Amino acid sequence: MIKKTIQLTKEEALANRRWFVLDADGVVLGRLATRVANLLRGKGKVAFTPHVDCGDFVIVINAAKVKLTGNKESDKTYHRHSGFPGGLHTVNAEQLRARHPDRLIESAVSGMLPKNRLSRALMTKLKVYAGAEHPHQAQQPEVLTAAM
């Protein structure tokens, strides 16, 4: 029996993309982010190729209701910098959830992806919405559970 390694071309990978919806209501942030990162990279596919964007599109709804364990709501901090001297802005998770609940999930997922050009392309396939509504019904997304 001969075993053969399957490597996808970019065109083959683009043809096999699907859309998934995950509901973040009451799900722990890290577990949700792990599931989303694996879907974005395509790690569950038979023909996974690390250097090819062979993952799927992921829509996360109810991002404002994601669960943080322990004291992370008040203790976990998020930083951004304006680029000017003294331009460091620091907010905790509670303040970030109040203003931009989608950034909680986006930052957790981006931290689980490799730091390169491919990961920036993968992040464009992640769509996060604070509420239960999303404008992607035309893509006929499949509903998945956030638990692995």
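The values are calculated or read from the model by the stated rules, or taken from the named source; none is laboratory data. Note that this is a predicted model, so its numbers are computed, not measured. Don't worry about glycine lacking a Cβ; one is built from the backbone with ideal geometry, like all the others, and counts go over all protein chains shown. Ligands, DNA and RNA are excluded from the accessible area calculation, which covers all protein heavy atoms including side chains. Shrake-Rupley method; radii C 1.70, N 1.55, O 1.52, S 1.80 Å.
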Qualifying residue in region 79-94 (condition: hydrophobic (A, V, I, L, M, F, W, C), open to solvent by less than 60 Å² (accessible area, probe 1.4 Å) and either over 26 Å from E133 (Cβ atoms) or at pLDDT 95 or above (or both)): yes
Determine the pairs where a residue that is in a loop (DSSP other than H, G, I, E, B), located within region 33-57, has a partner that is open to solvent by less than 10 Å² (accessible area, probe 1.4 Å) and among the basic types (K, R) with Cβ atoms under 6 Å apart, the partner being 6 or more residues away or on another chain. none
V21: of a type outside the set (G, A, S), touching a His at 6+ places or on another chain (Cβ under 8 Å) and open to solvent by less than 70 Å² (accessible area, probe 1.4 Å), yes or no? yes
Out of all the residues in region 119-129, which are surrounded by fewer than 17 Cβ atoms within 10 Å (Cβ to Cβ) and either hydroxyl-bearing (S, T, Y) or more than 14 Å from the chain's Cα centre (by Cα) (or both)? T124
Pair list, Cβ under 8 Å, 6 or more apart: region 103-119 residue within 18 Å of R80 (Cα to Cα), other residue surrounded by 16 or more Cβ atoms within 10 Å (Cβ to Cβ) and among the charged types (D, E, K, R): L104/R97
